[in-house]
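Notes to accompany the following structure.
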């Protein structure tokens, strides 16, 4: 710790010192008193009375507090106070623990940052990103120490099978650390295995078996493997010691399990459901048979037997018998003319061999029976012998070269061959078969063939022509070759080649064309001409003298591709050997317009949408941009890839739905000539008008308006799995439904139905339907009606109705009795009050009847008593 304080005045300093305030009292630490220095508590002596710079090693938080620098002048005292705060760097430790709960393996990574001041902050990184929500949980606890420091402990917990990172990182932030301190711990991970089924055939004790193996490799932990078989054969399990491969094998007799389906079942913590692999064991068959002989030929069928003709006297003849089918092996028994094979005929493997020269005794009908378990088939063939072929006479070959007028003639003569030889030319590049011909002659059983090849007298390069002779006396075709040297005369025509290449630079496409001419004697003159303007193109030309007097001339031109796009460019060649100039033409392709495609997708688990603009075209710069409304916050990204001259670009724009709902988004590609290509996509405008209850409800209106604010729903008591069916009115493609009770607790939702709890059903429920920022809600008052309550309501209605009828009868009886006991006048007075109630409204004079009309009025007056009985059910 360094404490610095300087006096900048001009007065004489008498005393200067550092003091510390502890519990309201000042303690002298270091300074000068009457010119003499002093220091205490491990402080260094200051430099001078006017420079009280001192140092001390901080040993703990007890060094924190208020420090005062004081200078005493002749008549005044100057002091300055500072407050020193001590911070401590935490010690970070990390530890991994594992446990299993209800068959699920969990891991807990504990990160402790102890002895820090102030309290550090701990964050977690999984795969370089903070863990958010399921399946991770984070618990923190803090411990305060007497010395003013604290320890923060954070525990990251997760099920092992739901996370794939091999390590997690604890990031500790603290003022003593310039950057967060990262501590990484390795954790156990599960790996999804590769599962397969294999079937291999083995032979054991003369019988064939299928070995079917269920194989799991690369999984962690081990995979649970089982076989789905009707029978219970012996199973063999194997875990490879040098790898993470598991194998479950079963051995099945091949003949018993033909065509059977074998299923392997694999269960693993990384599988959402059981994985199965099925193999079908083949059904064996012998569909047919074929035979082949290198020394004979087959003829027409003789009834049901093939005809095979062999040459008499031929040695070591053999007939190959081939099975058509899928049996792994078979048994073969051959007979001749219904009896055993002759002594000089033997069946070796799949070959029926004839020992020594072929004789007429070996001709006849042969039958070969092939079998494999229950499969049988028979091959019949009739062997006949033909007279021996005449003796072969190899030909005499001669090749010569001679010159004729303006041409060279190569002759290949093949004479006195038995039988006739086959002669052909192997022509060099640039020579056509139209320049060759053949003729043949025969004399005394021998044959002669003559081939002729005509070539120009002067050639621009060395050529080699080969005469190829095929004859039965030759084991391999024989060749005779002759080489024509390079022509050295100046009349040789030049060899002209052209090429074209393209490149992009600074957003522009350039084309380079090249033309070369190899000639003898003097160099050829090259020039370029464009078909569009019929004018020449600037080019660079170079000449090189080669061996044997040849001269190579090369001309190249580079220009902006848009200048001659869609036109032809011609290289003109002039040379003394040419009567007229030769030309070679190259087509300059048009620049292809980039292809744009635009789409909009919703990003799940986020409140954002993503607009994607794809561009495919030529070029080395991407001129893509979004045409967005003003004051729009742009969150765009551009990714570009190149494959040769083809550019693939993707421009994305991430936005909230509310920012562009009901608007058009436009992607624009700007060309270098000011023209642009556009693609537009419309963002729909969504709405949610209301949420309705499909169950029968009673509306409850507000006390201050006629608008329904709550829907009352009565449900019976003790009925399980009750739900409230809801309907969302609007045009949203989907919605999220959230229902809660009045106390804030969450209610289970299944699709568009609210599942009522099994206990405490009664209460006020509120359901919100939302799609991004569009929302609507509904209030539902749920009441539970028991069977006793329903019965009491019915009884109350019945009692109320009976009481009303009884009261009505009593009133009628009283009225009748009074009419009998009193005068008419008195009777009319007794009911005058009731009568007045039944008059039409008006003045008192109108309501009072006249004396002469009273009798008639009494006869016309009737009495009604209305009893209104109300009950709520």
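Annotations for the structure displayed:
- Candidates 123, 147, filtered to the one that is in a loop (DSSP other than H, G, I, E, B) and not assigned by TED's automatic domain parsing to the domain that holds residue 251: 147
- Some residue of the range 378-391 being in contact (Cβ under 8 Å) with a residue 60 or more places away in the chain, under 30 Å from residue 209 (Cβ atoms) and crowded, with 16+ Cβ neighbours inside 10 Å: yes
- Among the residues making up the range 650-664, a single one is over 20 Å from residue 604 (Cβ atoms) and crowded, with 16+ Cβ neighbours inside 10 Å: 651.
- Residue 777 being under 34 Å from the mean Cα position of the chain (by Cα), assigned to a strand (DSSP E or B) and modelled with pLDDT of 85 or more: no
- Test: residue in the range 672-680 that is buried (at least 16 other Cβ atoms within 10 Å of the Cβ), in contact with a strand residue (DSSP E or B) (Cβ under 7 Å, 6 or more places away or on another chain) and either without any contact (Cβ under 8 Å) to a residue 60 or more places away in the chain or part of a strand (DSSP E or B) (or both): yes
- Each residue in the range 393-407 was checked for being crowded, with 18+ Cβ neighbours inside 10 Å and assigned to a strand (DSSP E or B), and 1 pass.
- Looking across 527, 533, one residue alone is farther than 20 Å from residue 575 by Cβ and either assigned to a loop (DSSP other than H, G, I, E, B) or modelled with pLDDT of 75 or more (or both). It is 533.
- Residues in the range 9-32 that are without any contact (Cβ under 8 Å) to a residue 40 or more places away in the chain and either closer than 19 Å to residue 56 by Cβ or part of a loop (DSSP other than H, G, I, E, B) (or both): 10, 23, 24, 27, 28, 29, 30, 31, 32.
- Note on the range 328-342: residues that are at pLDDT 85 or above and not in a strand (DSSP E or B) total 5.
- If you go through the range 581-607 and keep only what is assigned to a strand (DSSP E or B) and within 24 Å of residue 559 (Cα to Cα), you end up with 582, 583, 584, 585, 586, 587.
- Any hit, the range 721-728, residues being under 16 Å from residue 693 (Cβ atoms), exposed (fewer than 13 other Cβ atoms within 10 Å of the Cβ) and modelled with pLDDT of 90 or more: yes
- When residue 439 is tested against (1) modelled with pLDDT under 90; (2) in a strand (DSSP E or B); (3) farther than 13 Å from residue 467 by Cα, only condition (1) is not met.
- Which listed residue is touching a strand residue (DSSP E or B) at 6+ places or on another chain (Cβ under 6 Å) and either part of a loop (DSSP other than H, G, I, E, B) or in contact (Cβ under 8 Å) with a residue 12 or more places away in the chain (or both), from 578, 610: 610
- For the range 23-43, filtered to residues that are within 25 Å of residue 89 (Cα to Cα) and surrounded by fewer than 16 Cβ atoms within 10 Å (Cβ to Cβ), the residue that is modelled with the highest pLDDT is 42.
- You will find that of 148, 115, the residue that is out of contact with any helix residue (DSSP H, G or I) (no Cβ under 9 Å at 6 or more places or on another chain) and modelled with pLDDT under 95 is 115 and no other.
- Residue 470, sole failed condition from (1) surrounded by 14 or more Cβ atoms within 10 Å (Cβ to Cβ); (2) at pLDDT 90 or above: (1)
Every residue, every condition in (1) closer than 19 Å to residue 129 by Cβ; (2) in a strand (DSSP E or B); (3) at pLDDT 90 or above, yes or no:
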position: 158; (1), (2), (3): yes, yes, yes
position: 164; (1), (2), (3): yes, no, no
position: 168; (1), (2), (3): yes, yes, yes
position: 178; (1), (2), (3): no, no, yes
position: 197; (1), (2), (3): no, yes, yes
position: 215; (1), (2), (3): no, yes, yes
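- Residue within the range 96-104 that is surrounded by 13 or more Cβ atoms within 10 Å (Cβ to Cβ) and over 37 Å from the mean Cα position of the chain (by Cα) present: no
The values are calculated or read from the model by the stated rules, or taken from the named source; none is laboratory data. Note that the structure is predicted; figures quoted are calculated from it, not measured. Cβ atoms come from the backbone with ideal geometry, glycine included; neighbour counts cover every protein chain shown.
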